[in-house]
1. Residues of the stretch 136-167 with backbone nitrogen within less than 13 Å of a virtual label 7 Å along the Cα-to-Cβ line of Thr97, please, listed as ranges.
2. Obtain the nm distance between the two label points defined at Gln597 and Arg138 by a simple spin-label model: each point lies 7 Å from its Cα along the Cα-to-C-beta direction.
3. At a Förster distance of 30 Å, what's the computed FRET efficiency of Asp19 paired with Leu377, Cβ-Cβ distance as r, to 0.05?
4. R0 = 45 Å: FRET efficiency of Glu201 with Ser584, Cβ-based, nearest 0.05?
5. Can you list the HN-Hα couplings for the stretch 316-328, worked out from phi with the Karplus curve (6.51, -1.76, 1.60; θ = phi - 60°), rounded to whole Hz and with x for Gly and Pro?
6. Identify all lysines with a Cα-Cα distance to Lys115 below 27 Å; exclude those on the same chain that are fewer than 8 residues away in sequence.
7. I'd like to check one number: the per residue accessible area of the chain, probe 1.4 Å, reported in Å² as a whole number.
8. How big is the stretch 309-393 by the Kirkwood estimate over distinct Cα pairs, in Å?
Amino acid sequence: MSTVPYPHLFEPIRLRNLDIPNRTVMAPMSTNLAGHDGQVTPQQIAFYRERAEGGTGMIVVEFCCVDASSGRSEHRQLTLETPAYVAGHQRLVEAITSAGSVACLQLQHGGQGAKRELVKDGMPWAPSDVGSRSDPARLVARGMTEEQIEHLIECFGRSAELGVLAGYQAFELHGAHGYLLTSFLSPYSNHRDDSWGGDEERRLNFPRRVIERVRQSIGDRPLIYRLSADEFTPKGLDIDDMVRIAPKLVAAGVDALHVSMGLGWTSFDKVIEPMSTPEGWRLPYSRRIREAVDVPVISVGQIRWPQTAENAIRDGDADMIALGRPLLADPEWANKARRNAALDIRPCTSCNYCVAISSGPNGTIGCAENPRSGHELDRLPDAGNLRGQRAVVVGGGPGGMAAALMLQQAGFATELHESRDELGGGLIASAAPPFKDKLTWYLNYLIRQLDKSAVQVHLNSHVDASTLSGPDSPAIVLLAIGARALRLPIEGIDSSHVRDAYELLMGHTQNFPAVDKALPLLVYGGGETGCETAELLSEKGYAVVLVSRSPAKQLARSAEVIYRGVLNTRLASNPRIRIIENSSIVAIAEDGRVQLQHNDGEHSELQTLGVLIAQGRRPDDTLLNNLLEAGLAVATIGDARKGGRIGDAVHDAYQTVLGLCASDAPLRPLAC
């Protein structure tokens, strides 16, 4: 019997004539770590090297644009158009292969997904003219000429040739998500009636020609084709179409299919799913494709744990498993799985913090839980001359727990003080609403890491200047105490019918009213907390009135954009939730009657079962000022400094610990 904990996942596989040591694949993800000119950077090399050293079988390097002047999709996207760029890619390949992984390069052209500000004349290319959604007469992409089509076929081939010179062992064509290859294939975007469009066979001509040209360039190396198994778009391709098309791509010269999902402009929540999406939901789609072809199939998306990956391969859903966001959270995913330490994997919760911080001209790849993701060249924090000195963290939320672990790793004698009887803080509240239970994965991970560490954890502990001052005063105090509710100037705010929505999410339900089908609970606040509180209460059987001072279209406007879209769709279709927009509470009576003033000047009254306030949390500087006045060295992180998301708190902790260690780090002059 095999002693490997996940024998199917860690079985070698051959693509064409290339042996891959195991079935794990790093999915291609835009890092925005390349140079503005598309060159490979040291930061990028370090980023990929860490995932290769983490035991991943094959690394698919992020999308490399074959013609930057017409198809660049990111401000710092890789390109490989001239021999001058080969040396950087050679260094990248060497970093990947020397760590025991296989180096694969994804070739891409953005098509209508190219950024207008980055392409020549500000007009992306597409199979057919694309009009603006708000004004169809205004072009946002122009249909390609025959000459342009032939030019790009050659560009794919030329970039592949240069990739061979760089040493890449395999290549992938990005034919998913709405980029150029997809848009030629899909009837949603290809409205031509010539050799390049019309019926399905003609829409296949451009992908076929690109496959053939790249095959000429790469010889006997494996060629993978990434596709969307379903575009979830009216007039787009669905799974039945792709089951029919997939064998034709294989016949054109493809050695494996990488099965993704969705169309960027119409179903982005299928391309990059929100937290609410179940783990493994894509596997039936990859199974359908696998049953239609005789080459290996890679499945990607919402596979977070080794057992899910193992079962998928064992049960015939896929031959290989691609991991994207999980390798941002933990580059050691494969190594930890191999040594049967799955509970030590820092789990991806699909919070999409990585999406939020990587967007825009200055964004780069990152992870809420792993602040070193994208910053692999940072020195690990080291206390240096402060080693062994006392460090105190106040607050056991995500920022506080992460800070305590990092301070202990750096060499401090670290204490973590939490005023409640359990660790978690804001993570508990964040994980309470429906469809957000994945956040408990991260909470449990942090608690396990603390249990294994030398950090001294004190629950039900209240500290102040008097308890921290003295001969053994700490070298540093980190305040991670979160935020406090503001007292709103509303008549009756102290009524027994009024509760703090945040405290409900924290699990404090003492004396909470029983469900009354005749009376609703009123949630005041249309932000993320208010919307999630309304959904949680409705799940428990309550009728809910959600009152927002803003228009309904602005509900949860600070939430992560993908999650916000599906959350608002659920709210709008929930029969137990009534939304009252553009309105404020004027008064709350002791019997539960609530007076509302609407933005049009009208007033109304609601009889309620109770009121939950979901707005107005701000940092409380009382303890901070108390400690500063006592002369203690103090820093604040997370919501204690500025309201934000879980990732903001963890990144705050990282930067604060880095800064503390840097202040005592030895200085070394540069040789030149």
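1. Within reach of a label on Thr97, which here means backbone N under 13 Å from a point 7 Å along Cα→Cβ, the stretch 136-167 contributes 163-167.
2. Result: 3.8 nm between the two label points.
3. Efficiency, rounded to the nearest 0.05: 0.45.
4. After rounding, the FRET efficiency stands at 0.15.
5. The phi angles translate into x, 6, 7, 9, 9, 10, 8, 10, x, 4, x, 7, 6 Hz.
6. Filter leaves Lys235, Lys270, Lys553.
7. On a per-residue basis, 40 Å².
8. Its Kirkwood hydrodynamic radius stands at 15.6 Å.
The values are calculated or read from the model by the stated rules, or taken from the named source; none is laboratory data. This structure is a prediction, so every number in the text was calculated from the model and none was measured. Cβ: placed from backbone, ideal geometry, glycine included. Neighbour counts: every protein chain shown. Note: areas computed on protein heavy atoms with side chains; ligands, DNA, RNA excluded. Shrake-Rupley method; radii C 1.70, N 1.55, O 1.52, S 1.80 Å.
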